[in-house]
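Here is the structure we will look at, set down as structure tokens.
The values are calculated or read from the model by the stated rules, or taken from the named source; none is laboratory data. The model shown is predicted, which means the values in this text are computed figures rather than measured ones. Cβ coordinates were reconstructed from backbone atoms using ideal geometry, including for glycine residues, and neighbour counts include every protein chain displayed.
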Amino acid sequence: MLGEITTKEQINELTHMQHLEYSELAIAHLHDVDWNGYNKAKQQPRVSDSDNFLKIAPAPAPYRSWPEFHMFNNTLLKNAKYEPIEHKVEYSIKHTHQPDAVSNLNKRIFFEIKGCFRDIAEAMKYIHIAEQLGITFVFILQEEGIHLPWCKVRKDGSTRTIEEWCEVNGFYYCYTHAFDEFVQGDAYKRLVATA
């Protein structure tokens, strides 16, 4: 069934029971994927940019690039002040977020089902939402020990996992195979009472 049904149209034709069966097959298949290898491969550059450019020294301070240096030294901008602090402006970009699910017991608890964060921007989104809106996230992780592909390798050769990222940033997490036990446990009951 798993290899035979590959399009959205085919999925839409299935009954609810068939969806459940397909879901179990898909989850079993996903458990067999080498996610750390997959994520590492996705992070590899397709073309080496370093082959297309000459190695040049960095621009002199205070400039961050040679085009900046050129403009402020060789054009009519040479009389302008570089990065005037008195004109520094603050801005924000409005975003929306739709959680995968919300707790029935506390509407400030959002559930997010995750395989991996694609990049640091996706991970930071959750930190910003939690800080700005007072939302508590519970990440329901697909697998244990998935490395964050955008994190640097540590001196000991290890890479930060999603679990470590959650712990460092104060987020709760559990695994898909242990979700029911998590929401029936004492830690979740305390979370519902305090979030």
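A few notes on this one:
- Of all residues in the stretch 87-114, none that is at negative phi has its Cβ atom under 8 Å from the Cβ atom of a residue that is exposed (fewer than 10 other Cβ atoms within 10 Å of the Cβ) and of a type in the set (Lys, Arg), 6 or more apart or on another chain.
- Matching entry among Val138, Val153 (being loosely packed, with under 14 Cβ neighbours inside 10 Å and among the hydrophobic types (A, V, I, L, M, F, W, C)): Val153
- Residue in the stretch 148-165 that is small (Gly, Ala, Ser), more than 15 Å from the chain's Cα centre (by Cα) and either within 27 Å of Ile27 (Cβ to Cβ) or modelled with pLDDT under 95 (or both) present: yes
- Count - residues of the stretch 76-90 that are surrounded by 10 or more Cβ atoms within 10 Å (Cβ to Cβ) and not charged (D, E, K, R): 3
- Test: residue in the stretch 112-130 that is aliphatic (A, V, I, L, M), under 22 Å from His177 (Cβ atoms) and under 16 Å from the mean Cα position of the chain (by Cα): yes
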